1. GNM on the chain, C-alpha springs below 10 Å: top fluctuator among ASP192, ASP75, ASP88?
2. GLU227: net charge of surrounding residues, Cβ under 15 Å, Lys/Arg +1, Asp/Glu -1, itself excluded?
3. Once fully extended, how much extra length lies between GLU105 and ARG176, figured as 0.36 nm per residue of separation less the alpha-carbon to alpha-carbon distance?
4. Build a GNM of the chain with springs between Cα atoms under 10 Å: which of TYR91, TYR160, TYR61 gets the top mean-square fluctuation?
5. Past the 14 angstrom mark, what percentage of all C-alpha to C-alpha distances in region 82-130 do you count?
6. Would you kindly give the portion of the calculated P(r) for the chain that falls above 32 Å, as a percent of all Cα pairs?
7. Quick one: net charge around TYR61, please, counting Lys, Arg +1 and Asp, Glu -1 for every other residue with C-beta under 14 Å from its C-beta.
8. Taking the Cβ of ARG78 as the centre, find all other residues whose Cβ is under 12 Å away and add up their charges (Lys, Arg: +1; Asp, Glu: -1).
Amino acid sequence: MRLFDTHCHFETAEAGEIAAVMERARAAGVERVMAVGGSVALNASATCAAETCGCLLACGYDRDQALADRPPVPDAPRLAAWGEIGLDYHYSPETRDAQRRLFAEQLEEARRRDLPVVIHTREADDDTLGLLREIPSRGIIHCFTGTPEAARSFLDLGFYISISGIVTFRAAENVREAVRVVPDDRILIETDSPFLAPVPMRGRPNEPAFVRYTCEFLARLRNMPAEDFAELTFANATAVLAP
Ligand SMILES: [Zn+2]
């Protein structure tokens, strides 16, 4: 089985620690990992993971950086996507306007660089969709937790939908409902580590190796062998990130 974790963060730029995490990932069959930034610190640790461990790389500025200093991100050879970027009205409703300005600016930056985007959207799907209609983009809606209707709208715009370990949580029936509308050729899996470890690892720090639990859970949900689901999500991730 070969797996592709399309979204993980490293909270350290210490190459030895990243290598240990990646060693366990490889042992679990995780052949490719995209290290994702979103702030100065996360962009730096993701770049370190790309340079020292061969991870694919995404850099950009997320909603928490709406009022922060944002130095330009240098071009890097393994830069496969721009992100994460987007809107979060659950945690930061007070910065809505600044978040929207930053998100638009980041979508333009991805267009200039001709890169797919990695989008975070929480309790903000209408505004996210509105901006994506104004600034045509391609890429991934990561850690999807929206409604089936929102999933359909993102799919209509050509986006891939990435599912995290949340789908394994008992209370996440809404995510399982949304998963049912995502076709086999647009679904991705991710850990969003170090957060959101899937069942049976829930409560522990998450890491890319654990993407296999999300794969196995979704394969059961879709009535297909885990091998086949791993393979199709691997192919989808390759299509959007490394065409
Ligand atoms: Zn993330």
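Every number here is computed from the coordinates shown, using simple stated rules; none is lab data. Keep in mind the model is a prediction, meaning the values are calculated, not measured. Glycine also receives a Cβ, built like all others from the backbone with ideal geometry; neighbour counts cover every protein chain displayed.
1. Result: ASP75 has the largest fluctuation of those listed.
2. With Lys, Arg at +1 and Asp, Glu at -1, the net is -1.
3. 22.3 nm
4. For the chain, modelled as a Gaussian network with Cα springs under 10 Å, the answer is TYR91.
5. 46
6. 13
7. -3
8. -1
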